[in-house]
Amino acid sequence: MSNQPFTASKSRDHSASENMKLRSSLMSALKEFIIRSRLNQVDAAKLFGITQPRVSNLMRGKTTLFGLDTLVNMAACAGLQVQISVLMSA
């Protein structure tokens with residue numbers, strides 16, 4: 001274990017990392033859904049209630065362009081069930 005004190009900066013870094021992991025997982029599931037459903041980007045955009053360029057960003061993995069709320073809403077539109085697990089860090 002490090003002898004350095006736990007700082008607010010480390011906490012923010014950890015929070016950002018966890019947020020990125022969640023967004024990445026949701027984006028992967030949505031991309032898989034689009035591919036499995038054989039949707040083109042225009043039809044996927046209509047289903048999710050977003051524009052085709054946003055679907056393109058999703059397909060290219062542009063995680064920084066999407067918030068968790070947006071991705072959860074898109075998953076709901078796709079009929080996907082989103083679950084989270086909260087565990088204590090070691």
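What follows is calculated from the coordinates using simple rules that are stated; it is not laboratory data. Note that the structure is predicted; figures quoted are calculated from it, not measured.
Given the chain, what count of lysine pairs have C-alpha atoms under 17 Å apart, with each pair 8 or more places apart or on different chains?
For the chain, qualifying lysine pairs total 5.
Taking every pair of alpha-carbon atoms in the chain, give the share separated by more than 20 Å as a whole percent.
Within the chain, distances greater than 20 Å cover 41 percent of Cα pairs.
Express in nm, to one decimal, how much length is gained between S28 and V82 on full extension, taking 0.36 nm for each residue of separation and deducting their alpha carbon distance.
Taking 0.36 nm per residue and subtracting the Cα distance, the gain is 18.2 nm.
Give the relative contact order (percent, whole number) for the chain; include only Cα pairs under 8 Å separated by 6+ residues.
31 percent
Relative to the longest principal axis of the C-alpha atoms of the chain, give the angle of the C-alpha long axis of helix 8-36, reported between 0 and 90° and rounded to the nearest 10°.
Taking the Cα atoms of the chain, the angle to 8-36 is about 20 degrees.
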